[in-house]
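Below you'll find the structure, written out as structure tokens, and then a few comments.
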Amino acid sequence: MTSSSSPVSPSPFEELLPSTRRALLHRIAVAQSTERAPSLVAAVVRDGRMVWFGSRTSVDGHGPDADVQYRIGSITKTFTAVLVMRLRDEGLVDLDDPLEKHLPGTNAGSATIAQLLAHTAGLAAETPAPWWERTPGTVRPELADVLGEQPQLHPAGRLHHYSNPGYTLLGSLVEAVRGVPWEEALRTEILEPLGLDRTSTQPAHPHAGGWAVHPWADVLLPEPSEDLGLMAPAGQLWSTAADLCRFAVFLANGDDRVLSADSVAQMRTPAAPPQTGDREGGYGLGVQLAHVHGLDLAGHTGSLPGFVAGLWVSAAGGVAAVALANATSAPKCGTLAADLVRIVAEAEPSFPEPWRPLPEVDRELLELTGPWYWGTQPYVLRLAADRSVALEPLQAPGRASRFMAAPDGAWTGLDGYYQGETLRVVRRSDGSVSHLDLGSFVFTREPYGPDATAVPGGVDPEGWRGV
């Protein structure tokens with residue numbers, strides 16, 4: 001069912017406990033057996049390196065290793081999104097630009113680049129017939145053939161509606177702005193810098209063959225492997241467990257040769273709401289999001305006839321997992337990869353960095369720390385090692401945000417309810433701190449204290465009293 005190559009050296013896997021390694025192997029063994037995959041490979045990354053790999057196969061002695069290629073389907077979309085984000089970071093496009101500004105004549109309406117990345121452009125989910133995944137790209141030589149007569153089913157920006165043709169448009173955008181084919185941009189801007197030598201648009205030996213497994217009998221049917229043409233940016237790629245582990249590290253940490261950590265973090269930030277019935281999902285910019293097993297995960301799943309794939313990253317926990325199989329509809333590699341992350345996170349939780357005092361004391365910032373009151377609700381302001389501050393309610397739930405100093409002396413919200421809002425320190429004429437102003441809300445050192453001038457509407461001069 002697969003071609004094989006030399007086995008992966010076991011030395012990197014010694015970092016996990018034997019019990020954890022057995023739990024991981026048991027999980028993929030159950031998946032391969034009960035969901036009837038001709039072959040299955042999986043790998044786990046922790047703290048920036050692959051620490052476990054396992055495989056199961058239906059052919060004795062031909063277990064695939066981490067260097068065997070499988071088709072990864074829609075995980076390709078995340079690669080395409082990285083290319084688009086690079087254009088943004090270079091100032092060649094703005095995410096709020098309408099696609100028509102850079103790629104006129106697509107009949108995609110007023111959809112913006114950001115909406116295409118987040119699947120909120122309102123475009124159809126699939127191309128017009130015939131089934132694009134099982135037909136050659138030559139059937140759709142032009143963008144009009146991909147989009148059809150009515151490409152937009154919903155108003156742009158209203159809802160999340162997954163669109164494969166949308167990523168064809170993004171691939172064509174890359175080609176229009178770069179002036180080179182999507183495949184060339186992919187190779188020179190992502191694959192070569194990250195060392196993804198076994199990721200390609202066409203299969204390269206050793207690679208798995210794609211199979212359909214009969215739903216009611218243990219028999220197989222080979223699946224065709226088509227060159228998708230214009231649809232390639234939505235699902236063309238082949239890759240390996242080892243290469244996708246490297247890509248997972250990039251999605252967690254960024255790499256300045258490709259995309260900064262801040263830009264990758266923006267890709268992992270929700271840009272579209274979960275679809276109806278999926279309250280634990282969501283979508284960023286070319287990245288699927290999930291909250292499972294108490295973990296916030298980012299990555300993507302993928303499928304094409306003969307193959308399924310899953311890649312999930314827990315950036316906060318420093319753990320990622322990849323699962324690949326060569327069957328059309330099973331196993332559920334997205335679920336499997338998430339389970340592998342959970343197994344490691346629960347069995348061997350990462351150690352926090354040692355606490356260390358700040359290298360120096362900023363007296364003005366230190367003066368601001370401690371309790372503050374929004375009306376009668378207590379908050380606390382904490383100073384972080386990176387000189388940011390966090391304003392958090394003492395009685396959860398509430399509105400918590402981190403703030404970073406802006407050049408004008410104010411503070412800008414980084415996350416939470418006050419993301420993008422301005423926090424200002426208001427001082428009295430003698431230089432002492434009167435209160436904090438946060439989007440017109442006043443935070444004082446006492447709940448409705450005696451300094452009535454700080455509180456809009458004033459404070460009753462008799463102060464607090466009993467009944």
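The values are calculated or read from the model by the stated rules, or taken from the named source; none is laboratory data. Model, not experiment: these values are computed from the prediction. Glycine also receives a Cβ, built like all others from the backbone with ideal geometry; neighbour counts cover every protein chain displayed.
Scan segment 445-455 and tell me whether some residue there is assigned by TED's automatic domain parsing to the domain that holds Ser388 and under 23 Å from Ser388 (Cβ atoms).
Scanning segment 445-455 turns up at least one residue that is assigned by TED's automatic domain parsing to the domain that holds Ser388 and under 23 Å from Ser388 (Cβ atoms).
If you take the residues in segment 344-373 that are aliphatic (A, V, I, L, M) and either modelled with pLDDT of 90 or more or touching a strand residue (DSSP E or B) at 6+ places or on another chain (Cβ under 6 Å) (or both), which one is surrounded by the fewest Cβ atoms within 10 Å (Cβ to Cβ)? Spell out how you get there, then give the answer.
Quick first cut of segment 344-373, residues aliphatic (A, V, I, L, M) only: 344-345, 347, 358, 361, 365-366, 368.
Imposing the further condition that a residue be either modelled with pLDDT of 90 or more or touching a strand residue (DSSP E or B) at 6+ places or on another chain (Cβ under 6 Å) (or both) reduces the set to 344-345, 347, 365-366, 368.
Details: Val344: 27, Ala345: 19, Ala347: 14, Leu365: 16, Leu366: 11, Leu368: 18.
Ranking the qualifying residues of segment 344-373, first place goes to Leu366.
Considering only segment 180-199, how many residues are of a type in the set (Asp, Glu), touching a helix residue (DSSP H, G or I) at 6+ places or on another chain (Cβ under 7 Å) and surrounded by fewer than 18 Cβ atoms within 10 Å (Cβ to Cβ)?
Selection size over segment 180-199: 0.
What is the one condition in (1) in contact (Cβ under 8 Å) with a residue 60 or more places away in the chain; (2) outside any strand (DSSP E or B); (3) surrounded by 24 or more Cβ atoms within 10 Å (Cβ to Cβ) that Asp243 does not satisfy?
In the conditions (1) in contact (Cβ under 8 Å) with a residue 60 or more places away in the chain; (2) outside any strand (DSSP E or B); (3) surrounded by 24 or more Cβ atoms within 10 Å (Cβ to Cβ), Asp243 misses (1) alone.
Given the structure, is Leu289 modelled with pLDDT of 95 or more and under 21 Å from Ala114 (Cβ atoms)?
Values: modelled with pLDDT of 95 or more: yes; under 21 Å from Ala114 (Cβ atoms): yes.
For Leu289, the condition - modelled with pLDDT of 95 or more and under 21 Å from Ala114 (Cβ atoms) - is met.
Which condition number in (1) in contact with a Cys (Cβ under 8 Å, 6 or more places away or on another chain); (2) modelled with pLDDT under 95 is the one that Pro64 fails?
Going through (1) in contact with a Cys (Cβ under 8 Å, 6 or more places away or on another chain); (2) modelled with pLDDT under 95 one by one, Pro64 breaks only (1).
What number of residues within segment 135-163 satisfy the criterion of being farther than 11 Å from Leu230 by Cβ and either surrounded by 19 or more Cβ atoms within 10 Å (Cβ to Cβ) or within 28 Å of the chain's Cα centre (by Cα) (or both)?
13
Grab the strands (runs of 3 or more DSSP E) fully contained in segment 374-467, keeping just those with 1 or more residues being within 21 Å of Thr269 (Cα to Cα) and at pLDDT 90 or above.
On the way: elements: 377-383, 389-393, 401-405, 411-413, 422-427, 433-438, 441-444.
Per the criteria, 389-393, 401-405, 411-413, 422-427.
Can you pull out the residues in segment 91-119 that are touching a residue at least 60 places away in the same chain (Cβ under 8 Å) and buried (at least 17 other Cβ atoms within 10 Å of the Cβ)? Break it down into steps so the answer makes sense when it comes.
The initial filter retains those residues of segment 91-119 that are touching a residue at least 60 places away in the same chain (Cβ under 8 Å), namely 92-93, 95, 99, 102-103, 106, 108, 113-114, 117-119.
Of everything in segment 91-119, those that are touching a residue at least 60 places away in the same chain (Cβ under 8 Å) and buried (at least 17 other Cβ atoms within 10 Å of the Cβ) turn out to be Val93, Leu95, Leu99, His102, Leu103, Thr106, Ala108, Ile113, Ala114, Leu117, Ala118, His119.
Just the residues that are surrounded by fewer than 18 Cβ atoms within 10 Å (Cβ to Cβ), assigned to a loop (DSSP other than H, G, I, E, B) and of a type in the set (D, E, K, R), please, taken from segment 37-80.
Asp47, Asp60
Within segment 332-348, is even one residue on the phi > 0 side of the Ramachandran plot, in the same structural domain as Ala29 (by TED's automatic domain parsing) and not in a helix (DSSP H, G or I)?
No, segment 332-348 contains no residue that is on the phi > 0 side of the Ramachandran plot, in the same structural domain as Ala29 (by TED's automatic domain parsing) and not in a helix (DSSP H, G or I).
Among the listed residues Leu196, Leu221, Leu170, Leu251, identify the single one that is touching a strand residue (DSSP E or B) at 6+ places or on another chain (Cβ under 9 Å), part of a helix (DSSP H, G or I) and modelled with pLDDT of 95 or more. Before the answer, list the steps.
Numbers: Leu196 fails: part of a helix (DSSP H, G or I); Leu221 fails: part of a helix (DSSP H, G or I); Leu170 fails: touching a strand residue (DSSP E or B) at 6+ places or on another chain (Cβ under 9 Å).
It is Leu251.
Could you list, in sequence order, the residues of segment 292-314 that are modelled with pLDDT under 95 and small (Gly, Ala, Ser)?
Hit for segment 292-314 is Gly294, nothing else.
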